[in-house]
Every structure is written in C-alpha cells, then in structure tokens.
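Student: Have a look at the structure that comes next, please.
The values are calculated or read from the model by the stated rules, or taken from the named source; none is laboratory data. Here the structure is a predicted model, which is why all the values come from computation and not from measurement. FYI the Cβ positions are ideal-geometry reconstructions off the backbone, even for glycines, and counts take in every protein chain you see.
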Amino acid sequence: MSNSEFQRKLISVVIPCLNEEEVIEVTYQRLIDTLCSVPATEFEWIFVDDGSRDRTPSILRGLQTADPRVRVVLLSRNFGHQMAVTAGVEHAAGDAVVLIDADLQDPPETILEMLSQWRSGADVAYGSRIDRAGETAFKRWTARIFYRAINRIADTAIPLDTGDFRLMDRKVVNALLELPERDRFIRGMVAWLGFRQRPVHYRRAARAGGQTKYPLRKMVRFALDGILSFSIMPLRLATWFGFATASLAILAITYALFVRLLTSAWVPGWTFLLIAVCSIGGVQLLCLGMVGEYIGRIYGEAKRRPLYVVRERLGFATSGLSRTRRRRLAV
Ligand code: UDP
Ligand code: MG
C-alpha cells in the first residue's frame, strides 16, 4: 500500500464500556494524545455502552457533544463484552477497525505498531501479551492454562495469550460480520477467518481505574463458549468414556458369570455393585451434560434473535452514511 493511499484512511476504534465512569475520559484522552499524531489518518471513536448503571452513558454523551468524531451506541441492557464489541464493529465505517478495552490495560501506543503492520500488508495485527501486570495470579494462571488447552483441542489454531485487542482490515471485518453465531468468541472467529495475521507484542498494564467486569462466572462462561464453539472434542470425549465403561462392563460381566457359574465362592458383592452403579451413573450424567451444552447452544441459535438491541445512537448522522454496514443498520 503506498503512503498517499494510506493517508486517506479512516480508522474506527471500538471501545466497549460497562460501568467505566472512572476511566472513560482518561482513556479517550490517551487515545487522542497517542493517535492524533498519526499523519493525516482520520479516526472515529465508537463507544458502546453495554447497559452501564453508573455515569458512563452521560459521560459518553458529553464526549460526543464535544467531539463529533465520537460515536456512541447505547445498548438497551447488558449484553456482554463480546456482543458489545460486535455492536461496535457493526457500526464502524473505517477502512480498518481497532478493538480496545476501555480500561487502558491495552496500551494505546501499541495501536501505532498495529497501524504500521497494517500499512506493511497485514490484514490483522493482534496484540499478544508478553506480560500481564496488575492481574491476580489466579487470572494469569487460568488464562495461561485456558489458551493452551483450547489450542490442543480446538479445530482452529487460536494464537496464545491473545485477547480482542487488535486491528482488522475492512475485508476481515466484513468477513467477521458474516459469521452469525450467538456464542461469540471473537478472537477465535478472527483466527478462523484466516487472512494475513501478525502478532504485535505488548505488556498488559493494570487497569487505570475501577474493577474488572469479568467475574469468575463470566470468565467460565466465556471459556466454555470458546471451547464449545471451536471444538467437538467434549462430545468425542463422551464417546471415549462410553467405550471405556463399556469395555469395563464386559470384563465385569465375564467375571460375574465366571464366579456365579464356576465357583462356589459367590457372595452378594455390594461394594462392587455400588462402585459400578455410581461410576457408570456419573459418567452417563457427565456425557449427557456435554451433549446438553451443545443442544442448549443449538436452541439459542434456533431462536434467531438479534445479537443485541440498541437503545440509542449518537453521532452517526455526520459520518460515512453511505457505507454498506451502516446502510444495513439504517443508521
Ligand atoms: N465489558 C463490557 N460488557 C461486559 C463486561 C465487560 O462491555 O459485560 C467491557 C469492559 O468495560 C472493558 C472490557 O469489556 O472495557 C473488558 O472488561 P474487563 O476489563 O473488566 O475484563 P478483564 O480485562 O478484567 O478481563
Ligand atoms: Mg480489563
């Protein structure tokens, strides 16, 4: 891509926010300070409010009034991080779209390097964490194990220690928006898409303020979405459990018949029986649960509900109305 071609590019920065009143203004200022020096590149800042209950929406309104490049999508309730990101991406008009958290854990300076990767031909420049400061040892360890586990069992290679912090070219964004699934594991979906993807290494900082919006419950749910959307390994595991218990059962039956018919030593072996009943029952319930997880997700997909509901949009009137996505959204 030649330099002059690059100069006319619009970059959309998507920032999902849930109760981020402490940090939003700081984040906005850091983004402006860091990126406005990029020569002749235009930016639009798309803040998605994911049903905050604090002053986040009114702060965003203020930012929008002061800066016409700020666009705000207010969702009707909390739809979750991945949905908020999806909403932002769907509203973006840029030639490239950057995803970044609102809490400054992902340093805006890294975007500069993502931009230069993009300029030199990468379709996706994804942030790869070499260090996670300010996060609990528990979070660091669970994340570490999770990313390695999912790579062993998933059908798609998902880069290690990579979150949603990334830059995507318009063609990747359009392809991403063609994936309609509800259980969205965006970092995996982008990996699945292919294209030329390059890592940009960075140190994950501590939150600039406020608390994490990912309690353990949401982390587990997110990890499950990742595994179940990218692998049928758990279903296969159920089959293997089935084989293993069936083989054991054949051995046990043979043994029982042998003892019953050919020896006089048979006694009511309730210990053995109890163990057999409990273990087989346990394995069956486990397998049923695994199947159920997938069926539940199929049910969710079958309802075909929209992924999120917008309460209000601010700042879109002045922006690239002709862009395809926005036309589709009738913004
Ligand atoms: N977030 C959101 N909806 C949610 C949870 C989180 O929009 O239901 C946003 C949050 O405001 C932040 C980003 O997603 O900008 C990442 O969340 P957080 O920093 O709490 O997660 P962590 O970095 O602790 O994993
Ligand atoms: Mg964070």
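Student: From the set of residues in segment 46-97 that are touching a Gly at 6+ places or on another chain (Cβ under 7 Å) and aliphatic (A, V, I, L, M), which is surrounded by the most Cβ atoms within 10 Å (Cβ to Cβ)?
Tutor: 48
Student: From 155, 106, 161, which residue is without any contact (Cβ under 8 Å) to a residue 60 or more places away in the chain and of a type outside the set (S, T, N, Q)? I'd like the intermediate steps shown before the answer.
Tutor: Values: 155 fails: without any contact (Cβ under 8 Å) to a residue 60 or more places away in the chain; 106 fails: without any contact (Cβ under 8 Å) to a residue 60 or more places away in the chain.
Criteria check complete, one pass: 161.
Student: Let me ask something else about it. Can you tell me which residue is farthest from residue 125 (Cα to Cα) among those in segment 211-222 that are more than 9 Å from ligand 2 (Cβ to nearest atom) and touching a residue at least 60 places away in the same chain (Cβ under 8 Å)?
Tutor: By that ranking, first place goes to 218.
Student: Moving to a separate point now. Among residues belonging to segment 53-94 that are within 12 Å of ligand 1 (Cβ to nearest atom) and β-branched (Val, Ile, Thr), point out the one that is nearest to residue 211 (Cα to Cα).
Tutor: Only one residue tops the list, namely 56.
Student: Out of curiosity, is residue 134 assigned to a loop (DSSP other than H, G, I, E, B), touching a strand residue (DSSP E or B) at 6+ places or on another chain (Cβ under 9 Å), modelled with pLDDT under 95 and surrounded by fewer than 19 Cβ atoms within 10 Å (Cβ to Cβ)?
Tutor: When the stated conditions are applied, residue 134 passes them.
Student: Just give me the residues in segment 270-295 being free of Cβ contacts under 8 Å to residues at least 40 places away in the same chain and surrounded by 13 or more Cβ atoms within 10 Å (Cβ to Cβ), in sequence order.
Tutor: Going residue by residue through segment 270-295, those that are free of Cβ contacts under 8 Å to residues at least 40 places away in the same chain are 270-282, 284-285, 288-289, 292, 295.
Within segment 270-295, 276, 280, 284 meet the criteria.
Student: Specify the residue that is farthest from the chain's Cα centre (by Cα); the eligible residues are those in segment 11-52 that are within 14 Å of ligand 1 (Cβ to nearest atom) and among the hydroxyl-bearing types (Ser, Thr, Tyr).
Tutor: That would be 28.
Student: If you don't mind, another one. Find all pairs meeting these conditions: Cβ atoms under 6 angstrom apart; at least six residues apart or on different chains; first residue within segment 31-59 and part of a loop (DSSP other than H, G, I, E, B); second residue acidic (Asp, Glu).
Tutor: 54/21; 55/21
Student: Let me ask another. From the list 321, 307, which one is at pLDDT below 55 and assigned to a loop (DSSP other than H, G, I, E, B)?
Tutor: The match here is 321.
Student: Restricting to segment 173-190, name every residue that is within 16 Å of the chain's Cα centre (by Cα) and within 20 Å of residue 119 (Cα to Cα).
Tutor: The answer is 173, 190.
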